[in-house]
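The values are calculated or read from the model by the stated rules, or taken from the named source; none is laboratory data. Bear in mind the structure is a predicted one, so any value in this text is a computation, not a measurement. So basically every Cβ, Gly included, is an ideal-geometry build from the backbone, and we count neighbours across all protein chains shown.
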Amino acid sequence: YTGGFWVWWLSAYDKKIATDQLSKLADANEINDWEFNEYLHGQHGTPMGVPYQSWNMAMYIKAHVESQ
C-alpha cells in the first residue's frame with residue numbers, strides 16, 4: 001500500500017516511480033466505489049477505519065497533480 005504523502009514526496013525525485021505509486025494509490029482508493037477509507041489492512045488490503053476521509057481524497061489529488 002502507498003499513500004498520498006509518499007507519492008507527493010516521490011514526485012520531487014522520480015516522476016516515473018511516483019506515477020507507478022499513484023496507480024497503486026488509485027487502486028486502493030477506488031475500493032468500494034472510491035470510498036477513500038481511512039486505511040487498508042496491512043496483510044490482506046481490506047478497507048478499515050472510517051470511509052470518505054477528506055484528507056485521503058485531498059492527498060490523492062495533490063499526489064496526482066504533483067506527479068504530472
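General observations
- Considering only residues in the stretch 7-20 that are free of Cβ contacts under 8 Å to residues at least 40 places away in the same chain and part of a helix (DSSP H, G or I), the one that is surrounded by the fewest Cβ atoms within 10 Å (Cβ to Cβ) turns out to be 16.
- For the stretch 23-39, the set of residues classified as in a loop (DSSP other than H, G, I, E, B) and either touching a residue at least 40 places away in the same chain (Cβ under 8 Å) or polar (S, T, N, Q) (or both) consists of 37 only.
- Scanning the stretch 40-63 for residues that are outside any helix (DSSP H, G or I) and without any contact (Cβ under 8 Å) to a residue 24 or more places away in the chain gives 41, 43, 44, 46, 47, 48, 49, 50, 51, 52, 53.
- Count of the stretch 28-68 residues which are modelled with pLDDT of 90 or more, among the small types (Gly, Ala, Ser) and loosely packed, with under 12 Cβ neighbours inside 10 Å: 2
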